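Throughout, read-outs are computed from the coordinates displayed, never taken from laboratory work. None of these values were measured; they are calculated from a predicted model. Here the Cβ is made from the backbone with ideal geometry for all residues, glycine too, and neighbour counts use every protein chain on show.
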Amino acid sequence: MGRARSIYAEAHAAAGLDAPLARTFPDGGRPSLRWLLIPLIEEYARHNGHADLLREAVDGSVGE
């Protein structure tokens, strides 16, 4: 996780969330750091929701 954070910090410091990534799309376009982060945040939130459902099924407590 430390390596990912340092890579993110370096890219963000260089050009912010609109920093182009090193990878290219088949059409030659380059995604931005923002383009990469948004789906990661969505997926992380989805997994947190699943964990909440499992916890509620096990112990019956409901979070806010």
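Divide by every residue of the chain the summed helix terms, -39500 (n - 2.57) for each DSSP H run of at least 4, and state the resulting mean residue ellipticity at 222 nm, rounded to the nearest 500 deg cm²/dmol.
-22000 deg cm²/dmol
Would you mind telling me which residue in Leu54, Leu17, Leu40 has the biggest mean-square fluctuation in a Gaussian network model of the chain, where springs connect alpha carbons within a distance under 10 angstrom?
So, out of Leu54, Leu17, Leu40, the one fluctuating most is Leu54.
Mind listing the long-range amide H neighbours of Ala19? Cut-off is under 5 Å, sequence gap 5 or more, other chains count too, H placed in the peptide plane at 1.01 Å from N.
Excluding prolines and chain starts, which carry no amide H, the hits are Leu33, Arg34.
Would you list Tyr44, Tyr8 from fewest to most Cβ contacts within 10 Å? Numbers along the way, then the final one.
Working: Tyr44 10, Tyr8 14.
Ranked by crowding around the Cβ, least crowded first: Tyr44, Tyr8.
In whole Hz, what ³J(HN,Hα) sequence does the range 56-61 give by Karplus (6.51, -1.76, 1.60; θ = phi - 60°), x for Gly and Pro?
So the Karplus estimates, Gly and Pro as x, are 5, 5, 7, 10, x, 7 Hz.
Taking the chain as the reference, fit the longest principal axis to its C-alpha atoms, fit the long axis of helix 2-15 to the helix C-alpha atoms, and give the angle between the two in degrees, 0 to 90, nearest 10.
The two axes meet at around 50 degrees.
Over the Cα atoms of the range 10-60, what is the Rg over Rh ratio if Rh follows Kirkwood? Can you show the working numbers first?
Working: Rg = 16.7 Å, Rh = 13.2 Å.
Result for the range 10-60 is an Rg/Rh of 1.27.
How high is the relative contact order of the chain, in percent, counting Cα pairs under 8 Å that sit 6 or more residues apart?
18 percent
Of Thr24, Leu36, His12, which is farthest along the charge dipole of the chain in the positive direction, counting Lys and Arg as +1 and Asp and Glu as -1 at C-beta?
About the Cα centre, the residue reaching furthest to the positive side is Thr24.
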